[in-house]
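One structure is given here, and the rest of the page talks about it.
The values are calculated or read from the model by the stated rules, or taken from the named source; none is laboratory data. What you see is a predicted model; the values in this text were computed from it and never measured. So basically every Cβ, Gly included, is an ideal-geometry build from the backbone, and we count neighbours across all protein chains shown.
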Amino acid sequence: MRAKQFISVVALATLMVSCGTQKQVATGSAAGRGQEIDIPCQKFDDADYFRASGTATNFNQQNARTAALDAAKSMINQKLGGTVKGFTTDYRKSMGGSAVQEDVGRIIEGEFQMAVERTLNDAEQFCEKMFRTDAGNYESWIGIQISKKRLAAEMEKGLSENEKTRLLYDREKFEQKYKEYFK
């Protein structure tokens, strides 16, 4: 009798373990794509902000954090690269096409790039998550955002304070182009 009970308990335990394992396998993959994961600190651009998140893994917690922040800043800088370049080109064209304005155009590009760098240096952090991996490393996720209005104000400040661009600066044209590119 004890032998039958023992075999019944072992069979029941085996059945329970195998059922649990099947459930884990079935829920861990979606149609052969692998396991879906949540990405921490992810928000998308909207009418008011450019946003990005960055991640990095390192055995040193501070190095992981610094690298994640640098990755997020780099991502925003890449996003802004095309936007600011197009904005600069269109704004320069709206000023006319003389040789003097070509020189001023290069100054404008420089002013706009410095404005981007200043704004990125003061980026607002909206999220930070730190994980410890099974290997003992630190995995850092950081989300940052920069205000589109603040970026435009920095760009406008650079134009209005530069001696060469101040004479050609047209606030209405600037605002028109800003609204077109930073919507």
- Message: List the residue pairs whose Cβ atoms are under 6 Å apart, where the first residue sits in the stretch 85-110 and is of a type in the set (Gly, Ala, Ser) and part of a helix (DSSP H, G or I), the second is modelled with pLDDT of 70 or more and surrounded by 16 or more Cβ atoms within 10 Å (Cβ to Cβ), and the two are 6 or more positions apart or on different chains.
- Response: Gly105/Arg92
- With respect to Val100, is the statement that it is within 19 Å of Glu175 (Cβ to Cβ) and modelled with pLDDT under 80 true? no
- With respect to the numbered conditions (1) closer than 14 Å to Val84 by Cα; (2) acidic (Asp, Glu); (3) within 18 Å of the chain's Cα centre (by Cα), which one is the sole condition not fulfilled by Glu109? (3)
- Query: (1) farther than 16 Å from Asp48 by Cα; (2) of a type outside the set (D, E, K, R); (3) free of Cβ contacts under 8 Å to residues at least 60 places away in the same chain: which one isn't true of Ala152, the others all being true?
  - Reply: (1)
- Message: Could you check the stretch 143-176 and list, in sequence order, the residues that are under 29 Å from Ile39 (Cβ atoms) and outside any helix (DSSP H, G or I)?
- Response: Gly143, Ile144, Gln145, Ile146, Ser147
- Only one of these conditions is not met by Thr133: (1) β-branched (Val, Ile, Thr); (2) closer than 30 Å to Thr66 by Cα; (3) surrounded by 16 or more Cβ atoms within 10 Å (Cβ to Cβ). Which number is it? (3)
- Message: Being part of a helix (DSSP H, G or I), of a type in the set (Lys, Arg) and farther than 30 Å from Ala56 by Cα is true for just one of Lys79, Lys179. Which residue is that?
- Response: Lys179
- Out of all the residues in the stretch 46-66, which are part of a loop (DSSP other than H, G, I, E, B) and surrounded by 15 or more Cβ atoms within 10 Å (Cβ to Cβ)? none
